[in-house]
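Structure, as structure tokens:
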Amino acid sequence: MAGRDLSRRYTAADLRVFTRDEASRFVPDGDGDPQTDIDLAWELLYRLEPELYDRLASAERLHPGVLGWLPRAVDRIVEVGAGAGRLTLELIGRGREVVAVEPARPLRRILRRKLAEADHGGRARVTHGFFDELPLGDDVADLVVACSVLTPAAGHGGEAGLAEMERVCRPGGCVAIIWPNNLDWLAALGYRYACFPGPMAVEFPSYEEAVELAGIFYPDAAEEVRRRGQARVPFEVLGINPPRDLAFKVLAP
Ligand SMILES: C[S@@+](CC[C@H](N)C(=O)[O-])C[C@H]1O[C@@H](n2cnc3c(N)ncnc32)[C@H](O)[C@@H]1O
């Protein structure tokens, strides 16, 4: 297992880790293969090796322009698919209350630990939930945000998930999808786009960590990461678009 890349890390036997609610979203036909379905492999990672996922997400920092764009001094912020809190910790202090919705229990545990360490003064609440059934009332938030989560696939949000985000957002509030993966889909649903320029790199804590995590998450780039000999790896070396953009919709007042 140690250095095995994500596409070969888990097997169908690992799907047992899903709760019934998770299985109904991630393997709706009752079975699946994480060695051919990379989305399934990511979901297993969040549950079987959450600290490994957190090491990666902590190194892939969001562009300061994205963070600067997000509103400040609002009442309530809802984040969907908060994970281990890459964005959540940046949201504290921008709202009277931040509600972080996250389905994977092991990630909720990490997020709660980080929030406790960050002394958030009770302003953040972490709760279980899925895009298609957000555990929140209508019109309760000024900002409803998701980062590196929503896709057009039903199990990962889809149109129903976006409609839920808009239901929870108050009139005049904003729904924002950070690091979106399907711009045409969002544009067709009335979302505008913002992107921030400048070089961006994944900031691994050490060269050794860069080599190890590239081997697991970016195996095609692992040799180049080793050759460069640095902890800082430009996103283009890894072959992925950097977290420098967002799609958003301001709801009619
Ligand atoms: C790539 S991680 C991103 C986590 C976090 N937003 C970040 O940027 O670090 C994807 C997250 O989406 C969550 N997720 C997957 N399917 C979901 C769904 N149907 N509803 C809500 N969250 C979901 C996962 O549990 C995971 O935390």
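The values are calculated or read from the model by the stated rules, or taken from the named source; none is laboratory data. Note that the structure is predicted; figures quoted are calculated from it, not measured. All Cβ positions, glycine included, derive from the backbone under ideal geometry; neighbour counts span all protein chains shown. What goes into the accessible areas is simple: the full protein's heavy atoms, side chains included, and nothing from ligands, DNA or RNA. Shrake-Rupley method; radii C 1.70, N 1.55, O 1.52, S 1.80 Å.
Let's test the formula: R0 of 41 Å, r as the Cβ-Cβ distance of residue 139 and residue 227. What FRET efficiency results, to the nearest 0.05? Once rounded, the FRET efficiency stands at 0.15.
For the pair residue 250 and residue 31 in one chain, pulling the backbone fully straight at 0.36 nm per residue adds 75.0 nm over the alpha carbon distance. Over the chain, the pair-distance histogram of Cα-Cα distances with 5 Å bins from zero comes to 1, 6, 13, 17, 19, 18, 14, 8, 3, 1, 0 percent, rounded to whole numbers. Charge dipole (Cα centre; +1 on Lys/Arg Cβ, -1 on Asp/Glu Cβ; no other charges) of the stretch 103-232 amounts to roughly 440 debye. 3J(HN,Hα) along the stretch 154-167, derived from phi through the Karplus expression 6.51 cos²θ - 1.76 cosθ + 1.60 where θ = phi - 60°, amounts to 4, x, 10, x, x, 5, 5, x, 5, 4, 5, 4, 6, 4 Hz, with x in place of Gly and Pro.
Overall, the ratio between the Cα radius of gyration of the stretch 160-249 and 2.2 N^0.38 Å, rounded to two decimals, is 1.42. Projecting label points 7 angstrom from Cα along Cα→Cβ for residue 109 and residue 163 puts them 3.6 nm apart. Taking amide H as placed 1.01 Å from N in the peptide plane, the amide H of residue 75 sits under 5 Å from that of 96, 142, each at least 5 places away or on another chain. Taking every protein chain into account, the 1.4 Å probe leaves residue 54 with about 20 Å² of accessible area, to the nearest ten. For residue 201, the residues whose modelled amide H falls within less than 5 Å of its own, excluding neighbours fewer than 5 places apart on the same chain, are 235. The modelled label-to-label distance between residue 118 and residue 187, using points 7 Å beyond Cα along the C-beta direction, is 3.3 nm.
Amide H to amide H distances under 5 Å link residue 193 with 248, where only residues 5 or more positions off or on other chains count and H is placed in the peptide plane. Charge tally for residue 101 (other residues, Cβ to Cβ under 12 Å; Lys, Arg +1; Asp, Glu -1): -3.
Phi-derived couplings, Karplus 6.51 cos²θ - 1.76 cosθ + 1.60 at θ = phi - 60°, listed residue by residue for the stretch 28-43: x, 8, x, 8, x, 10, x, 8, 10, 10, 5, 4, 5, 4, 5, 4 Hz, with x used for Gly and Pro. Couplings 3J(HN,Hα) for the stretch 222-238, derived from phi with the Karplus relation 6.51 cos²θ - 1.76 cosθ + 1.60 (θ = phi - 60°), are 4, 5, 5, 4, 5, 5, 5, x, 10, 7, 9, 10, x, 4, 5, 5, 7 Hz, where x marks Gly and Pro.
Put a dot 7 Å past the Cα of residue 5, heading toward its Cβ, do the same for residue 235, and the two dots end up 2.1 nm apart.
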